[in-house]
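Below: the structure, in structure tokens.
Every number here is computed from the coordinates shown, using simple stated rules; none is lab data. Here the structure is a predicted model, which means the values were calculated and not measured. So basically every Cβ, Gly included, is an ideal-geometry build from the backbone, and we count neighbours across all protein chains shown.
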Ligand code: CA
């Protein structure tokens, strides 16, 4: 299954423990910390897929942190869910205005929390969800890590699988090698751009066995495009 990393910033131990348990049960990888000050060095090394951020924190508040994340190039698009206390309507509005993608009011049910995270991932990072995908006869099943055409399984390595998953959730747009590295391998990974070409070549070779290698187009001087709506 595709690994989804969630960073939880929450200073109340009981809530933090409950969230961590709930999310791990749902198959997410979770890191919990108690303040924004602790989050900053973590973000330097690796960006999570989603941040669950408490509003009321000691030191730098959740809102100040959202503002910082949205003002910073690298974290501008990072999916954020704000955790607010009951009834703070103006807080919610302020949070959404500053750039939170969603908010959840405490106390919340574990089911609601997981549903909100999945909804956000579907919107913002569909390559991280486990929804099966179809393009023509090509079927990709994230849960089984399997790609097939009419029952014929296509052998792909893990990187080629991730690349195809990304392409199938982001069709008909051109991506540069750098963007593909950031979006498919993660922006903390220092790989040469040429490596993308190697994985593209392998992916094409796999798709060639079922006649779908034409879906991966090279756009001269720009990058690559998964062209599923053109012949
Ligand atoms: Ca708090």
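Can you give me the Cα centroid spacing of segment 174-231 and segment 115-133 in angstrom?
Spelled out, the Cα-based centre of one part sits 21 Å from the other.
Between residue 217 and residue 179, what is the label-point separation in nm under the 7 Å Cα-to-beta-carbon projection?
Output for this residue pair reads 1.4 nm.
Work out, step by step, the length gained on full extension between residue 123 and residue 204: first 0.36 nm times the residue separation, then minus their alpha carbon distance; give nm to one decimal.
Computed gain between residue 123 and residue 204 is 26.4 nm.
From the P(r) of segment 62-147, could you give the percentage of C-alpha pairs in the tail past 16 Å?
Above the 16 Å cut-off, segment 62-147 has 62 percent of its Cα pairs.
With contacts defined as alpha carbon pairs under 8 Å and 6 or more residues apart, what's the relative contact order of the chain in percent?
Computed over the chain, the figure is 14 percent.
What is the helix-to-structure angle for 62-71, meaning the angle in degrees between its Cα long axis and the longest Cα principal axis of the chain, kept from 0 to 90 and rounded to the nearest 10?
40
In degrees between 0 and 90, to the nearest 10, how far off the longest principal axis of the chain does helix 110-124 point, with axes built from Cα atoms?
It works out to around 50 degrees.
Sum -39500 (n - 2.57) across every DSSP H segment of at least 4 residues in the chain, then divide by the residue count to get the 222 nm mean residue ellipticity, nearest 500.
Helices in the chain give a 222 nm mean residue ellipticity of -11500 deg cm²/dmol.
How high is the FRET efficiency between residue 194 and residue 64 when r is their beta carbon distance and R₀ equals 41 Å, given to the nearest 0.05?
0.50
Cα convex hull of segment 1-124: mean projected area in nm², to one decimal?
With the hull built on Cα positions only, its mean projection is 7.1 nm².
Taking the 0 to 90 degree range and rounding to the nearest ten, how far is the long axis of helix 158-169 tilted relative to the main principal axis of the chain, both from C-alpha atoms?
Value to nearest ten degrees: 80.
With just the Cα atoms of the chain, tell me how far they stretch along each of the three principal axes, in Å, largest first.
56, 36, 26
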